[in-house]
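Trainee: Let me begin by handing over the structure; questions about it come next.
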Amino acid sequence: MNIGTHGGACGHACCLRIQDLSVKIGAQTIITGINLHVHCGEMVALIGPNGAGKSTLLKSILGQQTYDGVISFSVPGERNRKAKIGYVPQSPTFDPGDPVTVADLFACCMSKRPAFLGQSPAMRQKIRECLGRVYSEGLIDKRVGTLSGGELQRVLLALALEPLPNILILDEPLSGVDVEGMENLMDMLDEIRKTYDLSILMTTHDFSMLSRYADQVVLLDHKQVCQGTPIEVLGSEEFRRVFHRKGGYL
Ligand code: ADP
Ligand code: MG
């Protein structure tokens, strides 16, 4: 089954298009036959068992992994436009004893000035504005290694939103975040994609969030097993087979 939601028709919005993508590492085919079409403002969730190739697909889009096939981004009326991509990797960890603060982290990414010199007032103001996008100005002087899972995701999200991207790629942003934090984070992502009209492509193992927030769900298990609305995918025979669930998720 392959229930594409857009049927290939496009022309009214910018979009990310993936055609016949496959990735081989050594002799092993990691993913094959991936076809995906994501419009600006859409939230697409990639699901699949561990080792299914979700992160590999995201790395291909990011240009960190060689692949066969075509990945293109288009904006109507603009030729050869390159997509700006914001990325939060899977499970980044920071040592609680590490003295690096949130402000230091932003300053390292946004300016050439060595972090130990501190930040200029203008830079601190810019960092506050970035953190304000995720309602986290209060975290500016916290040590990164002491943040909770939800706080860390918000800080990394703020970092990925500067400069504002066309596509935001999040690899398992909900892992390590408690249930309340998950809802907060998903509400925030929902608001961000609407406010800035950007696409969000995220991987997750938390299926409870999908019906409420995702426009499309893609089930991956080395190949694209099925794709559709959350209800279509979570209720599908393919979902039951891949996750060995007798009754499906719904
Ligand atoms: P997922 O994110 O769905 O858990 P990954 O994309 O991380 O899966 O990995 C898919 C498969 O590709 C796994 O079997 C993994 O071991 C393999 N793989 C990923 N990266 C490499 C690599 N650099 N070298 C060899 N195998 C890799
Ligand atoms: Mg992964």
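The values are calculated or read from the model by the stated rules, or taken from the named source; none is laboratory data. Predicted model, so just to flag it, every value in this text is computed and none were measured. Don't worry about glycine lacking a Cβ; one is built from the backbone with ideal geometry, like all the others, and counts go over all protein chains shown. We work out accessible area using only protein heavy atoms, side chains counted, and drop any ligands, DNA or RNA first. Shrake-Rupley method; radii C 1.70, N 1.55, O 1.52, S 1.80 Å.
Trainee: If you scan segment 108-134, which residues turn out to be crowded, with 17+ Cβ neighbours inside 10 Å and within 23 Å of the chain's Cα centre (by Cα)?
Mentor: Of everything in segment 108-134, those that are crowded, with 17+ Cβ neighbours inside 10 Å and within 23 Å of the chain's Cα centre (by Cα) turn out to be I127, C130, L131, R133, V134.
Trainee: Does segment 157-176 hold any residues that are closer than 11 Å to S91 by Cα and not charged (D, E, K, R), and which are they?
Mentor: L170, P173, L174, S175, G176
Trainee: D206 - would you say it is within 16 Å of ligand 2 (Cβ to nearest atom), among the charged types (D, E, K, R), open to solvent by less than 20 Å² (accessible area, probe 1.4 Å) and closer than 21 Å to S148 by Cα?
Mentor: no
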